[in-house]
1. Quick check on my filter: what residues within segment 59-77 are at positive phi and crowded, with 20+ Cβ neighbours inside 10 Å?
2. Considering only segment 114-162, state which residues are in a loop (DSSP other than H, G, I, E, B) and either under 19 Å from Ile215 (Cβ atoms) or modelled with pLDDT of 95 or more (or both).
3. Considering (1) closer than 26 Å to Glu135 by Cβ; (2) of a type outside the set (Gly, Ala, Ser); (3) at pLDDT below 95, say which one Phe28 fails and leave the rest.
4. I'd like the full set of residues that are touching a Ser or Thr at 6+ places or on another chain (Cβ under 8 Å) and touching a residue at least 60 places away in the same chain (Cβ under 8 Å), limited to segment 57-86.
5. Could you say which residue among Phe98, Phe131 is surrounded by 13 or more Cβ atoms within 10 Å (Cβ to Cβ) and in contact with a Ser or Thr (Cβ under 8 Å, 6 or more places away or on another chain)?
6. If we keep just the residues of segment 171-211 that are within 16 Å of Gly161 (Cβ to Cβ) and among the basic types (Lys, Arg), which is surrounded by the most Cβ atoms within 10 Å (Cβ to Cβ)?
7. Which one of these does Glu80 not meet: (1) within 13 Å of Ala40 (Cβ to Cβ); (2) of a type in the set (Asp, Glu); (3) surrounded by 24 or more Cβ atoms within 10 Å (Cβ to Cβ)?
8. If I ask for residues that are free of Cβ contacts under 8 Å to residues at least 40 places away in the same chain, part of a helix (DSSP H, G or I) and more than 16 Å from the chain's Cα centre (by Cα), which ones from segment 191-223 would you list?
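The values are calculated or read from the model by the stated rules, or taken from the named source; none is laboratory data. Please read these numbers as outputs of a predicted model, since none were measured by experiment. All Cβ positions, glycine included, derive from the backbone under ideal geometry; neighbour counts span all protein chains shown.
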Amino acid sequence: MEKNKEVLSVKGKIKESYGKLSKLYATFESKFERKLREKALKLLKVKEGEIILEIGFATGATLIEVAEFVGEKGKVYGIEVTHEMVDLAKERLKKTEFAERIIMSEGDARNMLYENNTFDAVYMIGVLELFDTPEIPEVLKEIKRVLKPDGRLEVASISKGGHENSLVIKIYEWVHITFPKYASCRPIYVENSITDAGYKIIEKEEIFLGKMLPIKFVVAKPQ
């Protein structure tokens, strides 16, 4: 069975480093992640009036875009592991007209405070690969708890499946192993992780970021 490489948890030093890099991340986010956000929103198919959760919203760019889709009757929630990112997102939110539709909080995706069956959809972009290998099923189980029975999950992550011999993937893994404090994520078997956690994949697509790095988008429903 294809398995994900071990990775340091988002707790402790990695959380601390992620917080310190928050402003640098904000500088490059719009340039390097716009394509990911556009593809993710297209596949998520957000409807007016829905209640949506983003895990790992960073500086809040996608939260604002989703808030426009859900309209006045919908709500968008976001959970982020560092207060530095939450603060940056709140500053960005002040410049928009969607403040009343967006609810952000600092928290851990492995143990969320939301009630059961709350969300029509939950999505995460470039987040699942940050979690330690044993924690990935925990996160996906917790998402299933907060999703409505007919809700949908979307994950966009660096994909190792089918790219085991890729030089880019090997370099990425080497950087992660050598500098785990700063390169805290690594390529994962996205589809396997999701199906092993009890989801049924309904749509999937892969793109290459910068024409080199494979990103797998998976939309799934809980079984």
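1. Scanning segment 59-77 gives a single hit, Gly60.
2. In the first step, residues of segment 114-162 are kept if they are in a loop (DSSP other than H, G, I, E, B); the result is 114-118, 126-127, 131-134, 160-162.
Hits for segment 114-162 are Tyr114, Glu115, Asn116, Asn117, Thr118, Gly126, Val127, Phe131, Lys160, Gly161, Gly162.
3. (1)
4. Thr82, Glu84, Met85, listed by residue number.
5. On the way: Phe98 fails: in contact with a Ser or Thr (Cβ under 8 Å, 6 or more places away or on another chain).
So the residue among Phe98, Phe131 that is surrounded by 13 or more Cβ atoms within 10 Å (Cβ to Cβ) and in contact with a Ser or Thr (Cβ under 8 Å, 6 or more places away or on another chain) is Phe131.
6. Looking at the filtered set, the residue picked out is Arg186.
7. Looking at each condition in turn, Glu80 falls short on (1).
8. Thr195
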